[in-house]
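The values are calculated or read from the model by the stated rules, or taken from the named source; none is laboratory data. Everything quoted here is computed from the prediction, not taken from an experiment. Because the Cβ atoms are built from the backbone with ideal geometry, glycine has one as well, and the counts that use them run over all protein chains shown.
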Amino acid sequence: MTSLPESPRTRIGAAERDAAAERLQQAYSEERITRDEWEQRIHQALTAATRADLDAVLHDLPAPAPVAAPTTLTAVAGRIDRRGAWRVPRTLTVVSPFAKVRLDLGRAIIDHPVVDIELRLEFGRATITVPHHATVDLDGLTPGWKGLRYRAPRHPSPTPGPTIRLTGTTGFGRLRIRHAKPR
């Protein structure tokens, strides 16, 4: 079955209305529209029935930023080594059955308030250095047999930094997380 091209009269569903509401919320938080405009437009978006109804609400707002695909670093054996001024993606998956992993985010370029790193370690070991002012979230991580070595800083930085959220499993490998020294 072939799909017909969408026209302004195409009926929309809840997913399209929710996406429009998110764009309007983003525009309001960026002060592109006033509170009164936001209230009026959000009502129109949530009651829209066709593509034309939504277009009328969103026509003067910038297009949403494209969502970047997650990046995967993989090595069966050997090393995965990222350090220096490398750009950290919003979502990073590290797959390492036997390799040694070193991710140094201390001087990396981090454009996002939250960075999700999924670890799939089996027998390898990993060392992750996070920025001095970063917050580390380990709630989604299942430490393996050798466990996890992490000690939060005694004196947190007064300036908030990115949140580094670690998920996944470490298997029989060892994971060490440390904060970079302040610059």
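Go through the residues of the range 95-110 one by one and say whether even a single one is in contact with an Asp or Glu (Cβ under 8 Å, 6 or more places away or on another chain) and of a type in the set (Gly, Ala, Ser).
yes
Taking only pairs six or more apart or across chains, which ones have beta-carbon atoms under 6 Å, a first residue in the range 7-28 that is more than 17 Å from residue 60 (Cβ to Cβ) and in the same structural domain as residue 48 (by TED's automatic domain parsing), and a second residue that is surrounded by 15 or more Cβ atoms within 10 Å (Cβ to Cβ) and at pLDDT below 85?
Listed pairs, sorted by first residue: none to list.
If I filter the range 154-175 down to residues being more than 13 Å from residue 115 (Cα to Cα) and surrounded by 15 or more Cβ atoms within 10 Å (Cβ to Cβ), which single residue comes out as nearest to the chain's Cα centre (by Cα)?
Result: 168.
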